[in-house]
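Structure first, commentary second.
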Amino acid sequence: MSIKLHNLGFPRIGARRELKFALERYWRGEIDLEQLETIASGLRKLHWRLQADAGLDYLPVGDSSFYDHVLDTSVLLGAFPERFGQSSGQVDMDLYFRMARGRSADGKSARACEMTKWFNTNYHYIVPELDSGLSFRAACDRLFHWVDEAHALGHKVKPVVLGPLTWLWLGKSADRDFDRLDLLDGMIPVYQRILTRLAGLGVEWVQIDEPALVLDLPIAWQNAYERVYHALQRSPVKLLLTTYFGALGDNVSLACRLPVAGIHIDLACAPDQWLPVVDRLARYKILSLGLIDGRNIWRSDLAVKLDVVRSVRSRYQGELWLAPSCSLLHVPMDLEPETSLAAEIRPWLAFARQKLGELQILGRALTEGEEVVGPELAASALAVQQRRISERLNDKAVKTRVETIAAEDLHRATPREQRLRLQTESLGLPLYPVTTIGSFPQTDAIREARRKYRQGMIKKSRYKQLMKEAIAHAIQVQKRCGLDVFVHGEPERNDMVEYFAEQLQGVTTTQNGWVQSYGSRCVKPPIVFGDVARPRAMTLEWIEYAQSLTDRPVKAMLTGPVTLLNWAFVRDDQPRRTTALQLALALRDEVADLAASGIRIIQVDEAALAEGLPLRKPEQEGYLNWATEAFRLATAVAGDQIQIHTHMCYSEFNGILQALAAMDADVMTLESCRSDMALVDALAQCEYPGQIGPGVYDIHSPNLPDVESIIGRVEKILEWIAPEKVWINPDCGLKTRQWTEVEPALQNLAEAARRLRLSSGAVAVGPYRVSAGGP
């Protein structure tokens, strides 16, 4: 059987986060651009070699990035807003980083582009800004230089380019009446020039990513695919139309008839979709099967994968390629350094390098015979079987508790409007209360203390003392700045998910399992392998200490059940709903403990609620039902006078506003700066029943908000929402910033609130107006 192996993309940040640290040093002015480029080039060469050693026939080029691949496409197309300037010539790195983070290494600043989630993943991309005056030109040579670099090393490459329709679909326009498809006439010639130039470099195949084909597409967009790809077929390269994150569904006929040389389908998210594809795909086209799951870390059942290939071959006589389901960007790079994982659990796992190893085993089994890789297939079968029967997975008490959840467990005792009145009286907060989202800067001293404690270099008592000193500092800063609701600053937390994962039964963590979330931000998603429970209180000691330092309310901070689920690698042997409810019950116990200790405000963050949303509308309602159910289960144990907050950020929420209301939180804080308050408008239009804290400080930019800009943002909010409903807060947590930035920014937030209170005769004019003195 003739089989070719390829990869759609590789983790780009480096096994030890080398690119992250290089970027941050560059932004601080500690290295220059040439040094940054040298480090990035070294990583690309290493990653190509690792993939070549895994036996791949084609290596991806263009999957690397200095920040984000969607931003790279915008720059490649010369498509950026007028405020960034530079209408001719090559786009330089300063402009690139101003678009990404609002500030470049040369110190120039601008309002950064919006950032939101990449489909239903925890990766975030820089949103293209679209309008009728947008022009296109080939404005960046980086991809072509990288192709030359790979060719010089003797690699056979397959450049990766984000497709024009997916790029447009991911973009946004401030003009709701603007048709994004009107931009195609300007885009198509630029794509043709890019493909022609790649052909001139000796490229045979180009991977053109069109994951938008797994979405519910309007007829106009389906027709646009026909138009675009009939134009691109004249380019002198072979196009591999690449889809992932779901099934083609009703777009299957469209995708199969497009004039491309091959098509890639995701058989991890949609294992049965190969049948409708092979029934429609012309035999002269390449069919690439995404067999190895690029989104999760469980070892593949290679016997099942071989059966799939044989089934496909029995119905399809064209050439087959094998690959991971999607880019391996979404998993850690290498399992080998994870020496602290439990000996039983470790064989169940496969990170990026191991996944390519699995792909190589499949390729050899199919081309050379299964007997050649008999030991490898036997090891795979044993690991899968041992995981299936392991006692680590099941806890009867946890299962019984989920099965006996009662309807009353999901609801607060009193309706929200009445609760808010009670809370307003109890808390005694002023108009426009000022707070933060939770975390404060993770200083070098905090990280050093954590490192020494983990390595046994300091005792637990000394570590706790250092953390309490950091908490006391955070409380003092908030007092100086004039905030109304304090937080303890989370110095003891390495990450908002990992911190809880380390304390939960049925969950494990890694030492170096880093995954890029955006730019230089990396996380280590925990691994939920079994039934989840909370053996002991997780946050109580720290929040009680913080509250002891002030008479003002200190807000307790928890990560919500759905965010814990969506920001982890989750077991695939039971429904995700079941795991979410287990997590919710664990958090319910924590909420009960916090309430009993006298904490009056508890924030349960659900930043990733939208990230788990199925891509197709028919499946979305079911997900939202159990996601909101999990949140209510976690929080409904709180008494009426305890104010429940939640936080949302960097996702698209407009289509799920009723679900946000159904969570029954008292206050919702949300990211608003980069989206220019668009969600606030939408929440007001749907008459969101709780209080709202729209972010007025973009914490992912080093630019500090001045008092006037904060007031301007709040005044825009007041066009729709009554003053009595509005909180003032940053977009997100402040752990990635420095104290030298944070303190003046918080002072400005408090000063803006003070001025707004003085002019509180301003009237909200929108449909969401409530009477003065309301909740």
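Each residue of segment 103-113 was assigned a 3J(HN,Hα) from its phi angle through the Karplus curve 6.51 cos²θ - 1.76 cosθ + 1.60 (θ = phi - 60°); the sequence is 8, 10, 5, 7, x, 6, 10, 6, 5, 5, 6 Hz, with glycine and proline shown as x. Summarising the amide proton neighbourhood of E319: residues at separation of 5 or more, or on other chains, whose placed amide H is nearer than 5 Å comprise L287.
The fraction of all Cα pairs in segment 203-356 landing in successive 5 Å bins from 0 to the largest distance is 2, 9, 18, 20, 18, 14, 9, 6, 3, 2, 1, given as whole percents.
Once you order the gyration tensor axes a ≥ b ≥ c over the Cα atoms, which shape class does segment 617-677 get: rounded for a/c under 1.5, otherwise prolate or oblate by comparing a/b with b/c? In terms of gyration-tensor shape, oblate. The mean sequence distance of close C-alpha pairs (under 8 Å, at least 6 residues apart), as a share of the length of the chain, puts its relative contact order at 12 percent. Each listed q (0.14, 0.17, 0.21 Å⁻¹) maps to a log10 I(q)/I(0) for segment 406-478 from the Debye sum over equal C-alpha point scatterers, namely -0.72, -0.79, -0.92.
A simple rule links phi to the HN-Hα coupling: the Karplus curve 6.51 cos²θ - 1.76 cosθ + 1.60 with θ = phi - 60°, which for segment 555-568 gives 7, 6, 10, 10, 8, x, x, 6, 5, 4, 5, 6, 9, 10 Hz, with x for Gly and Pro. Based only on Cα atoms, what mean projected area does the convex hull of segment 507-627 have, in nm²? Averaged projected hull area, Cα only: 9.5 nm². Work out the P(r) tail for segment 6-161: percent of alpha carbon pairs separated by more than 20 Å, whole number. The share of Cα pairs beyond 20 Å in segment 6-161 comes to 53 percent.
Straight-distance candidates among the lysines for linking to K156, with alpha-carbon spacing under 23 Å and chain neighbours fewer than 8 residues away dropped: K4, K45, K238, K285, K355. Once a ≥ b ≥ c are taken as the square roots of the eigenvalues of the Cα gyration tensor of segment 101-237, is the result rounded (a/c under 1.5), prolate (a/b larger than b/c) or oblate (a/b not larger than b/c)? Oblate shape, in that a/c is at least 1.5 and b/c is the bigger or equal ratio. Per residue, the average separation of C-alpha pairs within less than 8 Å and at least 6 apart gives segment 37-147 a relative contact order of 29 percent. Once backbone amide H atoms are built at 1.01 Å from N, I292 has A323, S325 as its partners under 5 Å, excluding neighbours fewer than 5 places away on the same chain. Between amide H atoms placed 1.01 Å from N, distances below 5 Å from V157 occur with L59, all of them 5 or more places distant or on a separate chain. Rounded to the nearest whole Hz, the Karplus-based 3J(HN,Hα) values (6.51 cos²θ - 1.76 cosθ + 1.60, θ = phi - 60°) of segment 333-341 follow the sequence 7, 8, 7, 3, x, 7, 6, 8, 5, with x at glycine and proline. Taking the DSSP beta bridges with both ends in the chain, the antiparallel portion is around 15 percent.
Partner aspartates and glutamates whose Cα lies under 13 Å from the Cα of K555, excluding those fewer than 8 positions away in the same chain, are identified as D484, E490, E544, D605. In the calculated pair-distance distribution of segment 122-162, the portion above 16 angstrom amounts to 59 percent of the Cα-Cα pairs. Each peptide in 460-471, 342-353, 390-401, 427-438 was scored by the mean count of other Cβ atoms within 10 Å over its residues; highest first, the order is 427-438, 342-353, 460-471, 390-401.
Of all complete DSSP H helices in the chain, those with a Cα span along the helix axis of 27 Å or greater and a mean Kyte-Doolittle hydropathy of -0.5 or more are 33-53, 576-596, 739-758. Relative to one another, the C-alpha centroids of segment 570-602 and segment 373-447 are positioned 4 Å apart.
For the chain, the 222 nm mean residue ellipticity estimated from helices alone, with every DSSP H stretch of n ≥ 4 adding -39500 (n - 2.57) and the total spread over all residues, rounds to -12500 deg cm²/dmol.
With contacts taken as Cα pairs under 8 Å at a separation of at least 6 residues, segment 581-733 carries a relative contact order of 21 percent. In whole percents, the pair-distance distribution calculated for the chain from its alpha-carbon pairs, binned every 20 Å from zero, is 16, 50, 31, 3, 0. For segment 659-714, the percent of C-alpha pairs falling in each 10 Å distance bin, counted from 0 to the bin holding the largest distance, reads 22, 51, 23, 5.
By its C-alpha gyration tensor, with a ≥ b ≥ c as the square roots of the eigenvalues, how is segment 335-389 shaped: rounded for a/c under 1.5, else prolate for a/b larger than b/c, else oblate?
Numbers: a/c = 3.00, a/b = 1.60, b/c = 1.87.
The shape class here is oblate.
Only the coordinates and a few stated rules stand behind these numbers; no lab work does. Only a predicted model underlies this, so the values are computations on that prediction, with no experimental measurement involved. Because the Cβ atoms are built from the backbone with ideal geometry, glycine has one as well, and the counts that use them run over all protein chains shown.
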